[in-house]
1. Is at least one residue of region 238-251 at pLDDT 70 or above, surrounded by 11 or more Cβ atoms within 10 Å (Cβ to Cβ), closer than 20 Å to THR209 by Cβ and not β-branched (Val, Ile, Thr)?
2. With the requirement that a residue be under 24 Å from ARG56 (Cβ atoms) and either of a type in the set (Asp, Glu) or part of a loop (DSSP other than H, G, I, E, B) (or both), what does region 141-170 give you?
3. May I ask you to list the residues in region 108-135 that are surrounded by fewer than 19 Cβ atoms within 10 Å (Cβ to Cβ), part of a helix (DSSP H, G or I) and not aliphatic (A, V, I, L, M)?
4. I need a count of the residues in region 56-88 that are of a type in the set (S, T, N, Q), within 30 Å of GLU175 (Cα to Cα) and surrounded by fewer than 20 Cβ atoms within 10 Å (Cβ to Cβ).
5. Residue pairs, Cβ under 6 Å, 6 or more apart or interchain, first in region 223-249 and of a type in the set (D, E, K, R), second at pLDDT below 80. List them.
6. Quick one: how many residues across region 151-191 are farther than 18 Å from SER85 by Cβ and modelled with pLDDT under 70?
7. So which of GLU60, GLU21 is of a type outside the set (A, V, I, L, M, F, W, C) and farther than 27 Å from THR128 by Cα?
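The values are calculated or read from the model by the stated rules, or taken from the named source; none is laboratory data. Just so we're clear, the structure is a prediction, and the values are computed from it rather than from any experiment. Ideal geometry is used to build each Cβ from the backbone, glycine not excepted, and the neighbour counts take in all protein chains shown.
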Amino acid sequence: MAQFAIMRFAKHKGGAGRSLEAHHERQKERYASNPDIDTTKSKYNFHIVQPDNRYRNEIEQRIKEAGCRTRKDSIRFVDTLITASPEFFKGKKMEEVKDYFKTAVDFLSQKIGMNNIFSAVVHMDERTPHLHLCFTPITKDGRLSAKEIIGNRAQLTKWQDNFFTHMVKAYPDIERGESASKTGRRHIPTRVFKQAVSLNKQADKIKETLDSINPMNAKKKREELMPMIMQFIPNMESYLEKLKKYKGEFERQERVNASLRKEIEASKLSTNERLEAQYVQRNFDKLKATYYRIPEEYRREAERSLRNQQQRQPRERGR
């Protein structure tokens, strides 16, 4: 099975620093929003670059020392995800896993400067080992410019080419995935799938409670249901809003799948690509079905309560 080296960039203006720090540095005892994390394995996580301070301090210190001019909308740091296909890590010892990520960090340090990297931590407590490397996009002449360092779509393809060239020297079995600029593919973030898992758990609990309603316990079950529904509705709306951004990707994959009638042709499309769209579509249908299965009077009451809460919040903040 093909084994791919994977690298992705996510630019941030600074506001996400605290939440990413909590996730990357495992500062919570529980991670309800991320069911993939097995905290019993968190002791196996390791740093290649250990942050000396909080992310915000690390970022601002580098910007200040470089004398960078900043704007309110400046990209202050970049979160880089590096991993490989799950098959690549099967059977590998811890030292071999460490060597893979150290090789990747060597590549990035050459490109962006080791001084710009303020954290590089490998997570071994999720399904597939992966590295989160955070850096400030400061140029050699002291400017804060993610645009210059990361570049546009064409330059991102070059980044991927160079990353593959670097990694394949040490790992000859690694393959270069097809460029998004050629496939037109837009990556669907992991958080979308994780949010679907969380929502499905809520939906299953609502359905279980609905199935247990009878004339004898209707009042009690209604009291149980309302808090669930009031949590489910805004979470579902948030999830569906995220999916709108990837509508074009789902439609593209559907067109590709529709054109691949023969099994031998279907094998040309990445299994992951086919399953992503199918998984999201199934979840979309399931969540929608759960929503409409909730009795209309319950939905209206929950939505009315949610609106009242939203209206009260501005007044309370203004006191």
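1. no
2. Looking only at region 141-170, we keep the residues that are under 24 Å from ARG56 (Cβ atoms), and these are 142-150.
Residues satisfying the conditions are GLY142, ARG143, SER145, GLU148.
3. Within region 108-135, SER109, GLN110, LYS111, ASN115 meet the criteria.
4. Going residue by residue through region 56-88, those that are of a type in the set (S, T, N, Q) are 57, 61, 70, 74, 80, 83, 85.
After this cut, where a residue has to be within 30 Å of GLU175 (Cα to Cα) as well, the list is 80, 83, 85.
If we keep only those that are surrounded by fewer than 20 Cβ atoms within 10 Å (Cβ to Cβ) as well, we get 85.
So the count comes out to 1.
5. As it stands, the answer is LYS242/VAL192; GLU249/ARG186, since those pairs meet every condition given.
6. Count: 5.
7. GLU60
Yes/no matrix, rows are residues, columns are (1) acidic (Asp, Glu); (2) assigned to a loop (DSSP other than H, G, I, E, B); (3) over 29 Å from THR157 (Cα atoms); (4) at pLDDT 90 or above:
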position	(1), (2), (3), (4)
ALA5	no, no, no, no
ARG26	no, yes, yes, no
ILE59	no, no, no, yes
ARG62	no, no, no, yes
